[in-house]
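All remarks here apply to the structure that follows.
Please treat every number below as a calculation from the coordinates, not as lab data. All of these numbers come straight from a predicted model, not from anything done at the bench. Positions of Cβ are generated from backbone atoms using ideal geometry, with glycine treated the same way; all protein chains shown enter the neighbour counts.
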Amino acid sequence: MKGHWLLVLSVVLLIYAVHGCPHKCLCYTTSKTADCKNRGFTEIPAHLPPEIQILQLQNNRIWRINQNSFTGTPLLKILDLSNNSLSSLAPGAFQKLRYLQVLNLTRNLIHYIENKTFSFLPHLKELDLSSNSIIRLPESFGNSTGNITLLSVKHNKLQKMERVLLESLPNLKVVLFKDNPWQCNCNVFGLKLWLESFLYRGGISDGIICSTPGIRKGKDLLKVPYELFGACPLRTAHVHLASIHHHSFEHRSSPKHAHHSEHGEYGRSNCEPKPKPRPVSLRHAIATVVITGVICGIVCLMMLAAAVYGCAYAAITAKYHREHLAPVKQHGTPEEKEPFDGSLA
């Protein structure tokens, strides 16, 4: 009888294992985790428990994600797809994961990210795209991605990055750019301005190191002087400077000037020298005001000290004249009178 119950229990557990967790995976009810890493999967496994919140799929050979791959796991909060064979991501592939907070796509073969790939992920906070082969990023990751606080694009093939993408992530606190072939020409001017503002607001970044052109190779983008961007095409400079007027003391494009830039300069591929005032960042302006104030204060103190010294010297000199020189001029000394009297005799 005891053996019969053990057999029934084993069958029940086997049925639960078959229907409650995919083959090769380990599912943990307490932590609501499905461990499917290192299992040789080429696609997202089916029949995952609908209540899981953590799905570990790293170190497999997954090469595609269908739009219905996560239909059965709507409560996922953490999804790890690192070290797989993904080369592209279909727009809306993750749109069923409305509660997703962490998405790890590192060490794949992704070449580009389409517009709105991560649409409808209102709770997404961490997006790691590092160690891929990404050559370009879109102007938007998608609707409702404004809560992202960490973005990593390091170890890719990015030469530039659209400033509008970064501005669409207002809650960004950490952004990692390291080890990309950044092209420090006119196309990166807006990124430089955004990064300065981001760091000034307390953001954290590993910085952007220039790869080209050769004269700027190995230099920190933040240390490249603004004057070197003064020769950028007129349209490029106007677009960026108009959007960051609070960072500049001067430089306002007139409608006539803008019209000329759109029709006469838009098609030019080479930069032409254009005399432009240097845009001054807020930090530089504050530093200039502080330094100027300190210098003025020192000069004023020196002038005050000179005035006090002059007044004291004048007072002492006047006193000396009153006490010593005036009596001599009026009466003379006995020694001075004797020769005069003797001559009369």
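Worth a mention:
- Approximating the spin labels as points 7 Å out from Cα along Cα→Cβ, the Trp63-to-Ser144 distance works out to 3.3 nm.
- The slack between Lys223 and Ser88, meaning 0.36 nm per residue of separation minus the straight C-alpha distance, is 45.1 nm.
- Mean separation of Cα contacts under 8 Å, 6 or more apart, over the residue count of the range 128-178: relative contact order %: 46
- FRET efficiency, Cys296 to Lys125 (Cβ-Cβ, R0 56 Å, nearest 0.05): 0.75
- Segment Glu43-His321, length gained on full extension (0.36 nm per residue, minus Cα span): 89.5 nm
- In the structure shown, the pairs Lys157/Lys217; Lys24/Lys125; Lys77/Lys160; Lys125/Lys160; Lys37/Lys96 are assessed against 19 Å; a Cα-Cα span above that value is assigned to Lys24/Lys125; Lys77/Lys160; Lys125/Lys160; Lys37/Lys96.
- Sum of side-chain charges, Thr29 neighbourhood, beta-carbon under 15 Å (Lys, Arg +1; Asp, Glu -1): -1
- Phi to ³J(HN,Hα) by Karplus 6.51 cos²θ - 1.76 cosθ + 1.60 over the range 28-34, Hz, x for Gly, Pro: 10, 5, 4, 8, 6, 10, 10
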